[in-house]
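The values are calculated or read from the model by the stated rules, or taken from the named source; none is laboratory data. The model shown is predicted, which means the values in this text are computed figures rather than measured ones. Note: ideal-geometry Cβ built from the backbone for every residue, glycine included; neighbour counts use all protein chains shown. Remember, those area values only see protein heavy atoms, side chains included, never the ligands or the DNA or RNA. Shrake-Rupley method; radii C 1.70, N 1.55, O 1.52, S 1.80 Å.
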Amino acid sequence: MARKRWVLLCIVVLCLVSAGRQMAQQPTMPMPLDGQNALLKQYCQGCHNDTTRSGNMTLSTLDLAHIDQSAAQAEKIIKKLRAGLMPPAGMKRPDVQTIRAFVTTLESEIDRTAAANLNPGTRPSQRLTRTEYTNSIRDMFGVEIDAAKYLAADTVSDGFDNIADTQTLSASMMQGYLRAAAHVTTGILGDPNAEPASTVYKANVLASQLRHVPGTPMGTRGGISFVFNFPADGDYNIRTLMWAEDEGRLYGAMSPEQDLDVSIDGERVALIKIPRTLNEGNAPSGIFAGLSANTGRIFVKTGPRQIAAAFVQSRSEIFEDDVAPIENTLIDTDMGTDGELTTMPHVREIEVTGPCNTAGVSDSLPRRRVFICRPLSPDEEVPCATRIIQNVARQAYRRPLNDVDMKGLMSFYQQGRTDGRDFETGVRRAMEAILVSPNFLFKIEPPPPTIAPGQTYRIGDVALASRLSYFLWGTYPDEELMATATQGKLNDPGELEKQVKRMLADSRSIWLSEKFAYEWLHLGDLLKLEPDPGYYPMYDHTLTMSLLREAELFFNSVVSENRSVLDLLTADDSFADERLALHYGLPNIRGAQFRHVVFPEDYRRGLLGKGAILALTSVADRTSPVYRGKWVMSVLLGTPPPPPPPVVPTLAETPAVSSSKVLTVRERMEIHRANPACNSCHKMIDPIGLALENFDVTGQWRTWDKTYATNAAGERVHTGGVPIDAKTQMYDGTPLDGPASLRQAMVAHSDVFIQNLTEKLMAFAIGRRAEYFDMPTIREITREAATDNNRFATLVVGIVKSPAFQMGKAAADSVAR
């Protein structure tokens, strides 16, 4: 009998769960027009009217019956309501279901109208960014270049440096492209007239420790490995500068004799004895004066070659490099010295000088990529030059060549052939012309010849392939994608989706992490942080780079594994090297190589637990709940708070001491927020940042807020502290008490997060800012992704298939050609 009752109870529960799911899946009912007007009047127009104009917005003229005529304003309303920002905290609010019905009604009407009036938007021709230029040269010719030597930094707009309408082309920039073309061509083909020059490469601080460095010979410790492009055959000197003890704390310590192995392309070119050295207590900034090693002149042939320098591990002598724990041996000129550093030498930097006694230019991989044929007689020169130039230009222009292209480029060849009196000079001249051509520097997408001004059109398959490749890889299309485009197959949605997924699975899709995520998440701001060494003595440049790489690899795992984009908020896994593991307290991780890790602590989940995000939103000597709250609102939710009025004092101007008491950051914020001019914005921003207050400036977890003061001798002393209080309330009323609750609040607004990510990804993909008329498309993309667990590839496929990505619109003043 009891068994029957249990079965009956289970059936009832299942029925109730099923009914609940059906109710949850029911679409939100539209709100009638009179209900919409009543809602605006009761909750919105008291602040947003012609008199008060709160947020510089008035709703007095908003016609809900014809919302498509005010779509730009309506999209702003939709974004604020979906994020829970309006009505403001503390004001009377309608229930969640009412807000959802109102928003859904607005979106449905806007989307319906937009579907009948397609607007893919317009943009001017997009120029290669400096990074895209570098990547294209690398992939075409197999050489790494430093484009920053020739090209000015790209203008950043809406967080990205590839927004077309900001890419001006000045006379000085054109001069930079001319210089770059000449230097890049020389770097590819070599320079038989190269003059001696010096280039310095700095070692990674962590890699200079005891562990084996990838690229260095087995059986070695520490060191550095890099690729250097030798410009000509000749004699070169490789000089290694090493670290030594710190400023005298190890007074009289003796380092053992070491063997430094220097190799090129895996072959040893020198084994240098590093003598035993005694620190006399006067080594400046951790560098032992004169502790360097030279290979002397060695003959090296032209081309990019792997140089490595590392110390041979001794089998006969065991010398423990443990004067202090390894975290105290991360020597760095950017770190405040704290003594007790290693006694063993470590590679600091390498200088390559040459060539001397130049002996011409020999074969190399870049030259082989250019010279796909060699003329054996004068009659073969022009046909061979044609093949070479056509091959290079086809890749550079990202399309098949026509007769006009070849006629112009061959004229440059003929001029160079005449002036230089040899075949190779003619090819050099043509290559310089290719690399400075608008066909290479700009992503040209010509409209159909009969297009009328203002008319929309689908861009050609070849141009679409270029768009796709620079979006996902940051470089020109590979042979498979170009072949698919030239055969006209990208018209097929199935083939297009196949290519997108192939490209996302390719290792080159790391571009989306190193460029899109880098710019979207503002990771570059991390490089500006210089924590006060008095508070954070162990923070160094190596940790900065490890934090940065972790964030990039974490985002890349979502891309390459086609995970749900919500993993960016919730995932408990990431990547760490030894330096980061020390910072996070992760055991059993050694060396400079990153490996997959799973965090045992809940607070490290997702982006909100990443040290890079927490550090870039801090200042030198304290955390900044304001910066952290603003970052979450702006970057993750796409709802940036308004800038503060110019008369409002900054938090830095708020006294740090009150009645002889050293105030915590939270207490200083409360004083700052008491100013009525500050309160309206800070009550939205601050709770988010305060929920992350358990993380210090460098992203380490803490439960105690330490306080410091300066004594009569001018020394910084610890004066105690108070437990961290992370309890607060989000602007929508959600209680917060730390990163876990903030993460849950973000997941509750996951629709806003996903839509904002899609909006930013689309802007990056199409090279223009996403506008209000793009929002119907973005909503359609996110709805489709929701049916596939919000997977990253589904979002990308939706963007690539969208009118904004596949179509153009002729400018109103354009002339059909």
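Using 22 Å as the Cα-Cα cut-off, could you pick out the over-long pairs in LYS489/LYS801; LYS443/LYS801; LYS630/LYS760; LYS443/LYS528; LYS80/LYS501; LYS528/LYS610? Mind dumping the intermediate values first?
Numbers: LYS489/LYS801 14 Å; LYS443/LYS801 19 Å; LYS630/LYS760 17 Å; LYS443/LYS528 32 Å; LYS80/LYS501 34 Å; LYS528/LYS610 17 Å.
Violating the 22 Å limit, Cα to Cα: LYS443/LYS528; LYS80/LYS501.
Using a/c under 1.5 as the rounded threshold, could you call the stretch 509-648 rounded, prolate or oblate? The axes a ≥ b ≥ c are square roots of the C-alpha gyration tensor eigenvalues, and prolate needs a/b larger than b/c, oblate otherwise. Don't skip to the answer; put the middle values down first.
On the way: a/c = 1.87, a/b = 1.20, b/c = 1.56.
Here the stretch 509-648 falls in the oblate category.
Rank by packing, highest mean first: peptides 559-567, 228-236, with packing defined as the count of other Cβ atoms within 10 Å averaged across residues. Let's see the in-between values first.
Values: 559-567: 18.7, 228-236: 20.9.
Descending mean neighbour count gives 228-236, 559-567.
Order of 97-106, 266-275, 631-640 by packing, highest average Cβ count within 10 Å first?
On the way: 97-106: 17.8, 266-275: 13.2, 631-640: 19.8.
Put in order of decreasing packing, that is 631-640, 97-106, 266-275.
Let me make sure I get this right: for the stretch 121-214, a, b and c are the square roots of the gyration tensor eigenvalues over alpha carbons, sorted descending. Under 1.5 in a/c it's rounded, otherwise prolate if a/b > b/c, else oblate. Which is it? Write out the running numbers ahead of the final one.
Working: a/c = 2.42, a/b = 1.41, b/c = 1.72.
It comes out oblate by the Cα gyration axes.
How far apart, in nm, are two points set 7 Å out from the Cα along the Cα-to-Cβ line at LYS528 and at ASP572?
3.6 nm
Before anything else, pin down the relative contact order of the stretch 150-204: Cα pairs under 8 Å, at least 6 apart, normalised by residue count, whole percent.
Numbers: 21 pairs, mean separation 16.9, N = 55.
Rounded, it is 31 percent for the stretch 150-204.
For ASN402 and SER60, calculate 0.36 nm times their separation in residues minus their Cα-Cα distance, and state this gained length in nm to one decimal.
Working: separation 342, 0.36 × 342 = 123.12 nm, distance 5.83 nm.
Stretched fully, the ASN402-SER60 segment lengthens by 117.3 nm.
Just to confirm, what accessible area per residue do you get for the stretch 144-238 at 1.4 Å probe, in whole Å²?
For the stretch 144-238, the solvent-accessible area averages 44 Å² per residue.
Percent relative contact order of the stretch 518-578, based on C-alpha pairs within less than 8 angstrom and at least six residues apart? Each step should come with its number before you reach the end.
On the way: 23 pairs, mean separation 17.7, N = 61.
Reported relative contact order: 29 percent.
Is the shape of the stretch 506-558 rounded, prolate or oblate, going by the alpha carbon gyration tensor and its root eigenvalues a ≥ b ≥ c, with a/c under 1.5 for rounded and a/b larger than b/c for prolate? Could you put the intermediate results ahead of the total?
On the way: a/c = 3.69, a/b = 2.39, b/c = 1.55.
Prolate.
Based on the Kirkwood radius over alpha-carbon pairs, what value in µm²/s does the Stokes-Einstein equation return for the translational diffusion coefficient of the stretch 351-394 at 20 °C and 1.002 mPa s? Let's see the in-between values first.
Working: Rh = 12.6 Å.
The estimated diffusion coefficient comes to 170 µm²/s.
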